[in-house]
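In what follows, a structure is listed as structure tokens, so that the remarks can point back to it.
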Amino acid sequence: MADVKPFVCVRPTQELASRVAALPYDVYNRAEAKVAALAEPLSFLNIDRAESNLPDDVDTYDARVYAKAKELLDAREADGTYITDAQECYYVYELIMDGRSQTGIVACASIDDYANGVIKKHENTREEKEQDRIRHVDTCNAQTGPIFLAYRSNEAIGKIMADYKKTEPLYAFTADDGITHNVWRIAEPADVAVIREAFAGMGAIYIADGHHRAASAVKVGFKRRAEAGTYTGAEEFNYFLSVLFPEDCLMILPYNRVVKDLNGLSKDAFLAAVSEHFTIRKVGREAYAPAAKATFGMFLDEEWYELSAKEELTAIQDPVASLDVSLLQDYLLGPVLGIGDPRVDKRIDFIGGIRGLGELERRVHSDMKVAFSMYPTQITELFAVADAGLLMPPKSTWFEPKLRSGLFIHKLG
């Protein structure tokens with residue numbers, strides 16, 4: 001059973017929410033973060049990437065950066081930018097992109113559920129990336145960037161969310177990138193009880209996005225337990241900030257690939273090698289996005305092709321080996337183009353689907369030779385991999401829209 005609880009939220013005032021809300025810290029490099037943060041003094045990016053408020057020669061991971069983050073968070077609470085709700089609540093959080101709504105529950109999930117596998121993962125994490133957020137959360141004594149979790153749709157939770165969405169929202173604004181954000185607070189004890197009981201009846205929930213943030217939050221929780229010596233399990237450090245979405249409202253975008261060269265092959269030799277495992281159909285000049293699993297688009301020498309995996313590939317049943325990203329890697333990128341480990345090979349790059357097929361053509365025209373458009377990984381495939389205790393290949397999923405940081409803050413004590 002999953003322990004997903006309401007919490008006392010620290011949040012921006014209604015008037016300032018649109019100015020505070022910021023994209024996740026890790027979508028920016030340092031220079032981009034500084035420009036974005038300093039352009040809006042109330043943006044939560046100033047706290048998430050506090051080095052933006054320090055001299056450029058201060059290392060991103062210097063202790064002064066985390067101290068500055070705490071200083072800024074404390075200042076925003078002191079000046080009234082942030083307020084603290086009077087009771088534990090859940091929140092309904094709706095994001096609308098291109099007319100499509102995605103609605104979830106803001107809550108706190110259990111570090112024990114993460115440790116014992118009720119919260120299932122599909123990616124490994126890297127220690128160096130965890131350390132930054134561990135220090136940020138620990139120093140600020142707060143979790144500030146929610147973890148993106150998914151669950152199998154539940155009728156009771158769905159009804160409550162739908163009912164609250166008919167009422168006046170707590171926040172309602174459209175950000176500069178065109179994404180609309182609506183928030184409602186669930187404080188009614190009966191509704192809170194229904195939601196908590198519904199989650200308690202679930203055998204599994206899944207990390208969709210934010211594996212490093214989740215791992216960091218959990219490690220801070222266990223660190224606090226060790227420091228406390230004794231604990232009841234009810235302390236706030238036993239939980240981490242999350243937004244939980246039902247599977248039927250989620251959209252995963254493709255994570256496309258571009259490769260620098262044909263691995264020494266002529267075009268004809270390359271196409272012949274590809275044809276061993278894929279049926280090749282020339283599409284023409286119009287950009288091609290695959291419409292079904294086990295099909296791929298390919299842009300080469302100003303022409304688009306459709307690649308369809310042959311029967312021996314589509315018959316694969318293993319939840320990881322049958323993923324489209326695996327089929328492309330295992331039967332084309334690896335054996336034909338010589339991309340051994342896509343995590344470290346400098347000849348391959350990955351293009352989030354939000355950037356469109358035009359970006360694939362642009363890269364081929366500038367610094368790459370061939371591009372591949374992907375059919376997006378399905379949420380059911382993500383569940384299957386996680387349920388099997390396996391890991392997805394790198395760059396398998398791209399979730400949009402991104403959750404905003406700064407709208408919900410969970411204090412650890």
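All but one of (1) under 22 Å from Cys140 (Cβ atoms); (2) modelled with pLDDT under 95 hold for Thr81; state the number of the condition that does not hold.
The number of the failed condition is (2).
Restricting attention to segment 76-92, does a residue exist that is over 19 Å from the mean Cα position of the chain (by Cα), surrounded by 14 or more Cβ atoms within 10 Å (Cβ to Cβ) and of a type in the set (A, V, I, L, M, F, W, C)?
The answer is yes, given that some residue of segment 76-92 is over 19 Å from the mean Cα position of the chain (by Cα), surrounded by 14 or more Cβ atoms within 10 Å (Cβ to Cβ) and of a type in the set (A, V, I, L, M, F, W, C).
Could you tell me which of the residues Ile119, Ile111, Ile205 is farther than 28 Å from Arg49 by Cβ and in contact with a strand residue (DSSP E or B) (Cβ under 7 Å, 6 or more places away or on another chain)?
Just a single option satisfies the conditions, and that option is Ile205.
For segment 1-87, which fully contained helices (runs of 4 or more DSSP H) count at least 1 residues that are in contact with a Lys or Arg (Cβ under 6 Å, 6 or more places away or on another chain)?
Those helices (runs of 4 or more DSSP H) span 30-39, 63-78.
For (1) surrounded by 15 or more Cβ atoms within 10 Å (Cβ to Cβ); (2) free of Cβ contacts under 8 Å to residues at least 60 places away in the same chain, each residue gets a yes or a no:
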position: Leu327; (1), (2): yes, yes
position: Asp330; (1), (2): yes, yes
position: Leu333; (1), (2): yes, no
position: Leu337; (1), (2): yes, no
position: Val344; (1), (2): no, yes
position: Gly356; (1), (2): yes, yes
position: Leu360; (1), (2): yes, no
position: His365; (1), (2): no, yes
position: Ile379; (1), (2): yes, no
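Quick check on this structure: which one of Tyr231, Tyr288, Tyr206, Tyr255 is under 20 Å from Ile339 (Cβ atoms) and not charged (D, E, K, R)?
Numbers: Tyr231 fails: under 20 Å from Ile339 (Cβ atoms); Tyr288 fails: under 20 Å from Ile339 (Cβ atoms); Tyr206 fails: under 20 Å from Ile339 (Cβ atoms).
After ruling out the rest, the residue left standing is Tyr255.
Return the residue satisfying two criteria in turn: it lies in segment 216-248 and is small (Gly, Ala, Ser) and over 17 Å from Val4 (Cα atoms), and of such residues it is surrounded by the most Cβ atoms within 10 Å (Cβ to Cβ).
Among those that are small (Gly, Ala, Ser) and over 17 Å from Val4 (Cα atoms), it is Ser216.
Scan the helices (runs of 4 or more DSSP H) fully inside segment 285-379 and keep the ones with 2 or more residues being under 26 Å from Asp248 (Cα atoms) and either among the aliphatic types (A, V, I, L, M) or modelled with pLDDT of 95 or more (or both).
Counting at least 2 such residues, we get 324-328.
Looking at (1) touching a Pro at 6+ places or on another chain (Cβ under 7 Å); (2) modelled with pLDDT of 95 or more; (3) closer than 14 Å to Leu403 by Cβ, which is the one condition that is false for Gly158?
(3)
What are the pairs with Cβ atoms under 6 angstrom where one residue, in segment 7-27, is within 16 Å of Ala39 (Cβ to Cβ) and the other, located anywhere, is modelled with pLDDT of 95 or more and assigned to a helix (DSSP H, G or I)? Sequence gap at least six, or different chains.
Short answer, once both residue conditions are applied: Ala22/Leu45; Tyr25/Asp48.
Looking at segment 160-178 only, could you name the residues that are under 24 Å from the mean Cα position of the chain (by Cα) and among the aromatic types (Phe, Trp, Tyr)?
Scanning segment 160-178 gives Tyr171, Phe173.
Which residue out of Leu244, Leu170 is in contact with a helix residue (DSSP H, G or I) (Cβ under 8 Å, 6 or more places away or on another chain) and modelled with pLDDT of 95 or more?
Numbers: Leu170 fails: in contact with a helix residue (DSSP H, G or I) (Cβ under 8 Å, 6 or more places away or on another chain).
Residue meeting the stated conditions: Leu244.
Pick from segment 111-153 the residues that are of a type in the set (Gly, Ala, Ser) and more than 17 Å from Phe245 (Cβ to Cβ): which of them is surrounded by the most Cβ atoms within 10 Å (Cβ to Cβ)?
Taking the candidates together, the pick is Ala142.
Regarding Pro394, is this residue assigned to a loop (DSSP other than H, G, I, E, B), closer than 30 Å to Ala204 by Cβ and in contact with a Leu (Cβ under 8 Å, 6 or more places away or on another chain)?
Against the criterion (assigned to a loop (DSSP other than H, G, I, E, B), closer than 30 Å to Ala204 by Cβ and in contact with a Leu (Cβ under 8 Å, 6 or more places away or on another chain)), Pro394 does not qualify.
The values are calculated or read from the model by the stated rules, or taken from the named source; none is laboratory data. Please read these numbers as outputs of a predicted model, since none were measured by experiment. Neighbour counts are summed over all protein chains in view; Cβ atoms, including those assigned to glycine, are modelled from backbone coordinates with ideal geometry.
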